[in-house]
């Protein structure tokens, strides 16, 4: 727990200065003048007093207990100061000072020393290189930010101090209240996971918002957010999403994965809400803090202007928001209530001359419709518009009905007072319809997440002995990949259907294998140095007899030699020819932060050209597998298009869950591709035509 960080009774500021513009002095003044009622101890051996208050040479000289130490000294002295805090039994320290790992190797060494001291004394450490922390319930501004936010129920963490100061100023201007604010800095100890767990237990916080550049522990992050989101929303803006820095990998899955895909999958797995901009981060957070979630799909747009209503309707289609279909009784009631020129269907247009009472009358009629679960009230200021009166009516009706209500009062000075009334009444206002709809879409996604059952992984009973033997054999041979034959055996050991196949060392051996398997067959070059066989013409399909077999063998071996003269060629793999079907890919790439990241998409050459794929973190159950399949653009080809029979989607989902179980059971597997998985019509099953597995060294 981090009680001493957010509810301290006494705080020491180490490094306070007489100069008003120094960081240590700003932190001290923020505490003394900002309303904090506990003890504040200035500490600096070079300063006798601060504004008439005794300053202490060391925390060891402070007469009382210290719950929180804020350290603002040069980096080279920070560990010594923290050591004194340990002797004083200070439970939590904030190191605001910069000059640590962000500056290079020397700074990194200083940071390691700081962490060693903190661990030795069991001190929880925030920072270093951070802005500090703020808690409005404690009226504590232990930071060098100049803005003390107004009280609210949104807790905000930021990995960027500079962004944090800007957001604090912006939220103050927007009238957005916060319960807590923390600048994470270098995250040498206290991380986003610690804050999530602390704020999950804080009854003064209803929404957690975060600006993140990276997470410290992917598995712990997913677990913490998963534990939180059934009770409180977690809304995050993750920057640094470019995949330009992704490591080079040999598999299709690895090349398509990248950090951004992994974070998307992690947020989805945990139930987090991902924002794409700072503006969206707070649009969503404010709505979730102030308004109830809709009880089901069905948004109605109530407007005095046609153009903004059309924009809102278009945004609904883009963002997957369902407009409510009004009951005939509702339309009749609207006709009896509104002028004849009004629009009585959704959107409902009360006309540009609408007084506040007309808005209220229409809202009441709409609220009685069982298909209406939420209302977006759009208002543009016109000559006869009573913006403040309308705002008063909307606030009162939202409270009376309990309907999810958002507002879009467009304009600036003409609606400023009305927007203030809305805000004080708990109604979020958005300057343009698109922002309101994006926000409502996020609320809808959260509703659906809460309504869905918690995923329960399917337990697959594979044959671990086969897998372990193949991995150990590859390691003993100094390889980071499993041979094709062994990869097929691993797949079969976990119940994944593979066609019969065998390695043939020479042409006579190939004839024997083909005779035993039965024509037609497929032939593939077998070489540890040629990974992408199709790129060099190292695969031949549809081999019908011995003559075609001999021709294919000579051609494949020759192409392998031409591609790489010194390649080790073990022979060819002869495999049963699988009847044609639709081709998909199932793959896994082990993300360094989050573990096995599973991919599904159209297979064969399509995955390279179209990149029509979707990702999930493992483990994945059958329901999640089906959702993965439905997310790709080409799903219609699998479901059955233009008279085609549906593909065997149940069999595909089964293979996805088996692959998920395999890579979860064996962390040694770093990459896996089944490409293609041949999918036959519904009820006819699937075959993994080609399986590639990479392992860690």
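Annotations for the structure displayed:
Conditions tested, residue by residue: (1) surrounded by 24 or more Cβ atoms within 10 Å (Cβ to Cβ); (2) modelled with pLDDT under 95; (3) over 25 Å from residue 455 (Cα atoms).
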position	(1), (2), (3)
611	no, yes, yes
635	no, yes, no
678	no, no, yes
697	no, yes, yes
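- Residues (touching a helix residue (DSSP H, G or I) at 6+ places or on another chain (Cβ under 9 Å), assigned to a helix (DSSP H, G or I) and more than 27 Å from residue 616 (Cβ to Cβ)) located in the stretch 288-309: 290, 308, 309
- Residue 586 being crowded, with 23+ Cβ neighbours inside 10 Å, in the same structural domain as residue 504 (by TED's automatic domain parsing), within 20 Å of residue 694 (Cα to Cα) and more than 20 Å from the chain's Cα centre (by Cα): no
Per-residue answers, yes or no, for (1) more than 28 Å from residue 279 (Cα to Cα); (2) surrounded by fewer than 24 Cβ atoms within 10 Å (Cβ to Cβ); (3) touching a strand residue (DSSP E or B) at 6+ places or on another chain (Cβ under 8 Å); (4) in contact (Cβ under 8 Å) with a residue 12 or more places away in the chain:
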position	(1), (2), (3), (4)
110	yes, yes, no, yes
123	yes, yes, yes, yes
141	no, no, yes, yes
158	no, no, yes, yes
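- Odd one out for residue 195 among (1) more than 14 Å from residue 285 (Cα to Cα); (2) surrounded by fewer than 23 Cβ atoms within 10 Å (Cβ to Cβ); (3) within 23 Å of the chain's Cα centre (by Cα); (4) in contact (Cβ under 8 Å) with a residue 60 or more places away in the chain: (2)
- Residue satisfying condition, being over 25 Å from residue 277 (Cβ atoms) and in contact with a strand residue (DSSP E or B) (Cβ under 6 Å, 6 or more places away or on another chain), within set 372, 454: 372
- Residue satisfying condition, being at pLDDT 95 or above, more than 24 Å from residue 81 (Cβ to Cβ), assigned to a helix (DSSP H, G or I) and not assigned by TED's automatic domain parsing to the domain that holds residue 83, within set 162, 198: 198
- Positions within the stretch 203-229 being farther than 23 Å from residue 147 by Cα and not in a helix (DSSP H, G or I), in sequence order: 203, 213, 214, 215, 216, 217
The values are calculated or read from the model by the stated rules, or taken from the named source; none is laboratory data. These figures come from a predicted structure and were not determined experimentally. So basically every Cβ, Gly included, is an ideal-geometry build from the backbone, and we count neighbours across all protein chains shown.
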